[in-house]
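> Take a look at the following structure, please.
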Amino acid sequence: MAGAAHCSLQAKRLLLDPKFEGYKLSLEPLACYQLGLDAAVAEVQLRDDQYTLDHMRAFGMYNYLHLDSWYQDNVYYVDQFGRVMNLSVTLDTALQKPREVFRLPTDLTACDNRLCASMHFSSSMCVTLSDGTGRLYLIKSGKRGNSASEKWEIVFNEELGSPFIVAHSISFVKSDAHSLAVLLLRVEKDDQDTKGSGFHVTLEWVTIAERKEGAHTYEIIKRRVLHGKSVPHYAAIEPSGDGLMIVSHKPFTFMQSESDKVEENDDAKVSNEKKDPLYYWQQTEDDLTITIHLPQDITKDDIKIQFSRDNICITLKDQPPLMEGKLYSSVDHESCTWVIREDKSLEISLIKKNEGSRWPELIIGDTRGEFIMDPSQCSEIAESLMHLTSEVMNPNPEKENPPCNAQELEECDAFLEDGASLCRFDGNTLKVTHIINLGSNQYLFSVVVNPKEMPCFCLRHDVDALLWQPHSDQPENMWEHIATFNALGYVQASKQDKKFMACAPDYSYAALCECLRRVFIYRQPTPLATVLYNRKEGRQVGQVAKQLVATLEANDPILGFQATNERLFVLTTKTLFLIKVNSGN
C-alpha cells in the first residue's frame, strides 16, 4: 500500500457528550404488530464444508430482510418458493399481508451448493438480485412500494460463476449510457492456503452498461476481482462508480490480469534503473526545504514553479512537470521562495500554514523523494518516546496514575480484531489511495441515511458509537462524523447474544436484537417535562435517554432486522413483526 495517504477519522466535539449519565429503563409500552407469512423465509443453512468463521459471518449471519431506502417503510424478503415478497407500511392499524412482486425463474431447491438469495436497491427504479446459484439479475422495477406502478422486469441476467451474494450496487450514468456497478461476495476454497483456513474471500466488482443501440439491453463491460483473507465488515462502491471503500480485518488487493502484470513488470524495470531519489526534503516545525539536482544545461529562465495553498508544480523548460501534486498539508504560498545554489541544485522553501505539525510525506502518493532527518529531530523524537520504554517492568508502581493496567479492563473492552482498516481503492489504477488504521475502533453496523450517498458505518470510539458518512467527492472531508449514540459501544459489548444492530436514518434511536425474541432500543436524550435532580451531584438533570425492551412472541430465530425513522421490522422464519418506535410527524 505504498503511496496511499494515511488518514484519520476526526470526531466532532460538538456531537460528543462527556456528561452522558446512561440509559434509564423505560416501561412505556411499545406497539408491536405481527404478520404471519404464507410461506417460510428461504433460509439456507450452512453446509458441512462451510465451517469457517468467514462462512458464518458472510452467510450464517446474513440479514434476510432488505430495506428499500428509496421509499419509506418498504421491506422485502424471499420465501422458500423463490418469491420476492414486499411489505409497504403506511398505517400500522391497516396492515396488509406481504405481496409477491417477482418470482425467481430458477428452482432454488434443485441447486445443492446454493447460497441465500440476496438483493440490493441500486436506485429508485433498479434492483440487483441474486438467486444464490451464481446468476445475477438486473431488474427494472418501476416505482416500488406501490402495487399500481411496481412491476419487476428482467433487463439483464447472466451466470457469473460460483454462487455469491450481492454486497452492494449503485446506478449511474457514464458516457451517456446508464450503468450499474455491483459488488459480489464469495468465500472460495484456496488450495494454496495450507496454514490458514483453506479459504479466501473474493469481492468481484462488476460493471454493467446499457448497449449503445438503445434497445434497453445491458452487457457486462468490466469485471475486477479483489482477494482478501477475511469477510469485509463494510464494502461499498462510490456513487460515481470511480472508487470503492472497504472496512476489513485483513487487507484486500486486486487480482491482476496477465496484461496488467506485464505492464507492472515493465514499470518495475524502469523504477529499478532510477535508484537515485528525484528530490530530497527536510522539515522543521515552521518550514520545509526541497532540494533538486538540476541538469547542466538548465538556467534560471528554464525553471517554472507554481505555488498554491495545497499544491506545487515544478517544470523545467517545456517538458512535462518534474514534480506536481497535492501537498500533505497547506502552505503559505505567498511566502514560498526558490533559489539556484552554486552546486547546480534547486532549493525550494515552503512555509507551513500549521506550525508544529510534522509531515509524513511531502506530496501525497509521491514516493520519488527521500526525507532527510536532522540529528536534533532524531533526539527530540527519541526523547518524546522515552516514557513508553523502560528497562524494568512497572518501574514506578506508586505513581498516582499508572499508564495502563490490563487487569482493569473489563471483558467487553477486549477486541478480537485490533487490526481492522478502512481502505479506499481507485477504480482506474486499482490501487489504495487512502487508508485508515481503525485500531480498537470496533465496527458495529452500517446504515443508509441518504440512498444517493454511500452507506454510513458506525464504529465504537471509547464507550460511544460514532456514525460516519463517506463523501467520495470531498477529499478534505472524506469521512464525516454525523451522529453519536452515547455509550452504545459499551452497551452492545455486554450483549453476548446480539445478532443484528441498526439505527434510524434520522439517528433518533439505535437498536439491537438477540438471536431469539428480545429487541433492545436506545433512544437519543430528550428534554424532560418535569424537573429531575441528580442526588449525587445535587444538580438538575435537563434530559434523559431511555432504553426500551421488546420481547417478541416467537420461538423461531430472528433472520432479519431493519430500522426506519418510525418502525423496527423483525423477520423470523414464519412471521414479520413491526415495532412502532416513534410516532409520525
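The values are calculated or read from the model by the stated rules, or taken from the named source; none is laboratory data. All figures in this text were calculated on a predicted structure; none of them were measured in a lab. Don't worry about glycine lacking a Cβ; one is built from the backbone with ideal geometry, like all the others, and counts go over all protein chains shown. Side chains are part of the model used for accessible areas, which takes the heavy atoms of the whole protein and leaves out ligands, DNA and RNA. Shrake-Rupley method; radii C 1.70, N 1.55, O 1.52, S 1.80 Å.
> Ranked by accessible surface with a 1.4 Å probe, highest first, in what order do Lys300, Lys326, Lys250 come?
Numbers: Lys300 140, Lys326 70, Lys250 90 Å².
Ranked list, largest accessible area first: Lys300, Lys250, Lys326.
> FRET efficiency for Ser508 and Phe81, Cβ-Cβ distance as r, R0 = 41 Å, nearest 0.05?
My answer for the efficiency is 0.65.
> Right, another one. Can you give me the relative contact order of region 279-367 as a percent, contacts being Cα pairs under 8 Å and 6 or more apart?
Relative contact order here is 32 percent.
> Okay, which of region 214-248 sit inside 20 Å, backbone N to the point 7 Å along the Cα-Cβ direction of Leu9?
230-239, 244-248
> Under the definition of Cα pairs under 8 Å and six or more residues apart, what whole-number percent is the relative contact order of region 1-158?
14
> Quick check: Cα centre of region 125-185 to Cα centre of region 1-77, how many Å?
22
> Extent of the chain along each principal axis, from alpha carbon coordinates, in Å, largest to smallest?
That gives 87, 75, 51 Å along the principal axes, largest extent first.
> Still on this structure: Taking Cα pairs under 8 Å and at least six residues apart, what relative contact order does the chain come out at, in percent?
14
> Here is a further query. Applying the Karplus parametrisation 6.51 cos²θ - 1.76 cosθ + 1.60 with θ = phi - 60° to the phi angles of region 572-583, what ³J(HN,Hα) value in whole Hz is obtained for each residue in order, glycine and proline being reported as x?
Going residue by residue, I get 10, 4, 10, 9, 10, 9, 10, 10, 7, 9, 10, 7 Hz, with x marking Gly and Pro.
> Taking a point 7 angstrom from the Cα of Gln72 along the C-beta vector, which residues in region 118-149 have backbone N less than 18 Å away?
Under cut-off, by backbone N: 124, 143-147.
> How big is region 106-210 along each principal axis, measuring the range of its Cα positions in Å and listing the largest first?
54, 37, 20
> How big is region 279-367 on each of its three principal axes, counting only the C-alpha atoms and giving the largest first in Å?
38, 25, 25
> Here is a further query. Using the beta-carbon distance between Lys195 and Asp374 and R0 = 51 Å, what value does 1/(1 + (r/R0)^6) give for FRET efficiency, to the nearest 0.05?
0.70
> Checking a compactness column here: for region 200-240, what do you get for Rg(Cα) / (2.2 N^0.38 Å), N being the number of residues?
Region 200-240 yields a ratio of 1.55.
> Full extension from Glu21 to Val549: what is 0.36 nm times the residue separation minus their Cα-Cα distance, to one decimal in nm?
188.2 nm
> Please list the non-local residues whose amide H lies under 5 Å from the amide H of Ala40, H modeled 1.01 Å from N, same-chain partners needing a gap of 5 or more.
Gln80
> As I understand it, the value is the acute angle between the Cα axis of helix 258-273 and the longest principal axis of the Cα atoms of the chain; what does it come to in degrees, rounded to 10?
Computed tilt is about 20 degrees.
> Testing the spin-label approximation: label points 7 Å from Cα along Cα→Cβ at Gln296 and Thr573. State their distance in nm.
Here the answer is 8.6 nm between the modelled labels.
> From the backbone phi of region 11-20, what are the Karplus-calculated ³J(HN,Hα) couplings (6.51 cos²θ - 1.76 cosθ + 1.60, θ = phi - 60°) in whole Hz, Gly and Pro given as x?
Here the 3J(HN,Hα) series is 6, 8, 4, 5, 8, 9, 10, x, 9, 4 Hz.
> Let me ask something else. Hey, what D do you get for region 1-56 in µm²/s if you plug the Kirkwood alpha-carbon radius into Stokes-Einstein at 20 °C and 1.002 mPa s?
Answer from the Stokes-Einstein relation: 111 µm²/s.
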